[in-house]
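Undergrad: Here it is, the structure in full.
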Amino acid sequence: MKAKTRAWPLLGVLYLSILLFTGSTLYCLVQIQNATRVMEKYTYDVSWALMQLQLELGRFLNAVEIYHYGGIDHETLLLRYDILWSRTPILLSGQLRKSLSDNPKTLRLVQLTENNIRKLEPELTRLKPGMSDYQQIMMTLAPLQEPLSYSLASMMQKNINVYSGNDKRFGQLRDALLFMVLGLVISVILLSGLLVREARRHFRTARVDPLTGLANRLALLEKMESYVSRDTPFGLVLVDINDFRDINSKFGYSTGDILLQELAKRLRALCENGEWVARLGGDQLAMLQRDSSDLRQVRELVARVLHSIKQDIIIDNYPFRLEVGIGIAFFPTDSNQTQELLSRAEQALFHSRKTHVPYVIYDSSLLNETTRRKHLASDMVMALEHNALELYYQPIVNLESGRCEAVEALLRWRHPELGFIPPNEVIQVAEEFQLAEKLGSWVLNTACEQLHQWQHLGLVDLQMCVNISPGMYQRNLLKLVAKALMEHHIPASCLVLEVTEDTTMREVKNSLQLMQDLSQQGVHLALDDFGTGYSSLSYLQKLPVSKVKIDRSFIQGIDTSIEAAELVANICRMGSMLGKKLVCEGIETQGQLDVLRSLTDIHLYGQGYLFSRPEQASKAYQTLLEMEERWLARRAPNKAYLL
């Protein structure tokens, strides 16, 4: 930026100099043209024409005298007269007349000479040899010779003065023109040099990441292309910070930038001969290891990277220990094309993050997995258009009354070729290929439509719980929810949106605002899988959720472990103190249910296989009817109810 700031004033000065020198050069050319016109004015030489007139006048007078003595015939005399007569019109017309206008005396002399010559024509016609009339002719024209000679001398002196003055002017203009042209040439050369320097600087800047000072993606691709063109084997190592988005959300983007700069500094310090580091974008960095032909070399590099990253980064007295995912691919083993090699290294990196292993080296099985995900994404679009997906429903029971008060909609997809696709994989594919909003909209509308049908059949107090994936958790969710409620005539209080801790913690500020806006619509919110993510009880207090679902990992073992039971009891009591309804997930045994029911001071809800497995809509409806009948029977065992 500083170089750019210094360059602009210099560019302005050079452009101004070029304009100045160009203007001055044009001015000199105009002045030269004007001086040339002045010279042209005298180039049509009045002196020469006067001299010719004087010479012809002398010749004519000589011819008259010779004719008087019979030396020439009359025709020759008339010829000399005609020649003399032709000289005056030359001086009295055209450019010579304009030149004579500067000298009135000479102009009047020429006009007088012309008049005298023309008056002699009758006498000359009658003139015979020996006649005394020739004296009259001589006396008329001879006195004009001396004035013509004087005028000729005066005009020649004037021409000399004009030529001398213009010669000096031409010299000055020539010197000025040479100076201006030289200045113009120098300015153009300097401007060209500066533009070349700026182009080179821009070329370098376009290949440098401004935050870390490392080479950027463009420079990386060019480096890889240079290795490929020389057929030089190399290893490509991609490094990505795990949960970097959460770091930005919690601590701010400035902290994230400092972490990236420190990571870049450490990776650059690791580079030895043949190793090179760049930033691809975001929190992803890349390292090239030239002449890397076996796994041992790249594993040594990865070991150095992991060892360097283990050291804490201290920012404002807070220690950060980064965890990274690493993906590795080799040229030419894995691909002989740079873009494809980069894509395969990214596939290995994706698998590293997914499986939480330190690093993954690309192999063909990852390509098969990538192909599978692309295949699923393509088929998911068709499945959404043709309603080939399905929702299963699992009851949520009030443990105190035993009544089913809500159901959770669970996504199921039985692929015609690949069979049952796990829900987590469906969500991951939807998130990866930008289908999360479309998938979530389908789930939301299908669940609301089903709830409307059940309410029409008599289950009027039932609530529908719908899981919201991270890709749907954005401002557009408000419109999707409002549209679904309106189209299916569902009261907002009958809809419960479940979000996970990880989803809400990605963008804390935006999460709070979005949840508050949903609550203002009348929609209930539930925090799903509580205890497995980042949130704390103090953060839970700020969230506008009405329900908290305790993860099944806490419920397992409460019937066999006193510590596990006490932990769940404490979590439930604190959640109850915060005014939240508590749902215990994963209740599978009667012993687990008995432990939870023993917490008589806490109002709990339960969900799990003990009550019902997730079922298709038709079977779920029958299960709900049976549960409703049992609840009614317990309320009034002596009465019969028809549903």
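The values are calculated or read from the model by the stated rules, or taken from the named source; none is laboratory data. This one's a predicted model, so the numbers in the text were calculated from it and none came from an experiment. Don't worry about glycine lacking a Cβ; one is built from the backbone with ideal geometry, like all the others, and counts go over all protein chains shown. Surface areas here come from the heavy atoms of the whole protein model, side chains and all, with no ligands, DNA or RNA. Shrake-Rupley method; radii C 1.70, N 1.55, O 1.52, S 1.80 Å.
Undergrad: Order of 416-427, 237-248 by packing, highest average Cβ count within 10 Å first?
TA: Working: 416-427: 12.5, 237-248: 19.8.
Result, highest mean first: 237-248, 416-427.
Undergrad: A follow-up question, please. Let me know the Rg and Dmax you get for segment 165-304 when you use only its Cα atoms, in Å.
TA: So, for segment 165-304, Rg and Dmax equal 25.9, 90 Å respectively.
Undergrad: Then there's this: Using only Cα atoms, what is the ratio of the radius of gyration of segment 83-163 to 2.2 N^0.38 Å?
TA: 1.29
Undergrad: Would you mind getting the accessible area per residue of the chain, heavy atoms of the protein chains only, 1.4 Å probe, in Å²?
TA: On the way: 33780 Å² over 643 residues.
Heavy-atom accessible area per residue stands at 53 Å².
Undergrad: How big is the C-alpha Rg of segment 305-370 next to the rule-of-thumb value 2.2 N^0.38 Å, as a ratio? Spell out each step's value before the answer.
TA: On the way: Rg = 14.8 Å, N = 66, 2.2 N^0.38 = 10.8 Å.
The value comes to 1.37.
Undergrad: Write down the percent of antiparallel bridges among all DSSP beta bridges whose residues are both part of the chain, to the nearest 5. Walk me through the numbers before you get to the answer.
TA: Details: 39 of 66 bridges.
Around 60 percent of the beta bridges assigned by DSSP in the chain are antiparallel ones.
Undergrad: Distances over 19 Å make up what percent of all Cα-Cα pairs in segment 330-487? Can you show the working numbers first?
TA: Details: 7934 of 12403 pairs.
Tail of the P(r) past 19 Å holds 64 percent of the pairs.
Undergrad: Okay, moving on. If the viscosity is 0.692 mPa s and the temperature 37 °C, what translational diffusion coefficient in µm²/s does Stokes-Einstein give for the chain when Rh comes from Kirkwood over Cα pairs? Before the final figure, lay out each step's value.
TA: Working: Rh = 35.1 Å.
Taking Rh from Cα pairs, D becomes 93 µm²/s.
Undergrad: Shape call for segment 419-484 from the C-alpha gyration tensor, a ≥ b ≥ c root eigenvalues: rounded (a/c under 1.5), prolate (a/b greater than b/c) or oblate? Intermediate values should be presented prior to the final figure.
TA: Working: a/c = 2.92, a/b = 1.58, b/c = 1.84.
It comes out oblate by the Cα gyration axes.
Undergrad: Still on this structure: Is segment 275-402 best put as rounded, prolate or oblate by its Cα gyration tensor, with a ≥ b ≥ c the root eigenvalues, rounded for a/c under 1.5, and otherwise prolate when a/b is larger than b/c, oblate when not? Display every interim value, and only then the final one.
TA: Numbers: a/c = 2.92, a/b = 1.42, b/c = 2.06.
Note, shape of segment 275-402 comes out oblate.
Undergrad: Apply the Kirkwood formula to segment 560-643: the hydrodynamic radius equals the inverse of the mean of 1/r over all pairs of different alpha-carbon atoms; give it in Å with one decimal.
TA: Values: mean 1/r = 0.0672 Å⁻¹.
After inverting the pairwise mean of 1/r, the radius is 14.9 Å.
Undergrad: A further question follows. Please compute the length gained on full extension between residue 635 and residue 573, using 0.36 nm multiplied by the number of residues separating them and subtracting their Cα-Cα distance.
TA: Values: separation 62, 0.36 × 62 = 22.32 nm, distance 2.75 nm.
Contour length minus Cα-Cα distance gives 19.6 nm.
Undergrad: Now for a different question. Considering only C-alpha atoms, what is the centroid distance from segment 274-311 to segment 572-593, in Å?
TA: So the two Cα centres are separated by 47 Å.
Undergrad: A follow-up question, please. Would you mind putting 135-141, 592-598 in packing order, based on average other-beta-carbon counts within 10 Å, highest first?
TA: Peptide ranking by packing, descending: 592-598, 135-141.
Undergrad: Could you report the accessible area of residue 192 in Å², rounded to 10, computed with a 1.4 Å probe on the protein chains as they sit in the structure?
TA: For residue 192, the solvent-accessible surface is approximately 60 Å².
Undergrad: Moving on to the next point. Given R₀ = 41 Å, what would the calculated FRET efficiency be for residue 296 paired with residue 251, taking r from the Cβ atoms and rounding to 0.05? It would help to have the intermediate numbers written out before the result.
TA: Details: r = 38 Å, r/R0 = 0.93.
Calculated value: 0.60.
Undergrad: Relative contact order of the chain: what whole-number percent is it, with Cα pairs under 8 angstrom and at least 6 residues apart?
TA: Numbers: 835 pairs, mean separation 55.7, N = 643.
Averaging sequence separation for qualifying contacts and normalising by length gives 9 percent for the chain.
Undergrad: What is the percent carbon and sulfur in the accessible area of the chain, measuring with a 1.4 Å probe over the protein chains and ignoring ligands?
TA: Values: 18460 of 33780 Å².
The nonpolar share, carbon plus sulfur, comes to 55 percent.
Undergrad: Taking Rh as the Kirkwood radius computed over C-alpha pairs, what is the Stokes-Einstein D of segment 250-347 at 25 °C in a medium of viscosity 0.890 mPa s, expressed in µm² per second? Write down the numbers at each step before the final one.
TA: Details: Rh = 14.7 Å.
This corresponds to a translational diffusion coefficient of 166 µm²/s.
Undergrad: So, one more: Which of 354/547; 581/619; 374/542; 98/168; 250/547 have a Cα-Cα distance over 31 Å?
TA: On the way: 354/547 29 Å; 581/619 27 Å; 374/542 39 Å; 98/168 24 Å; 250/547 24 Å.
Beyond 31 Å between Cα atoms: 374/542.
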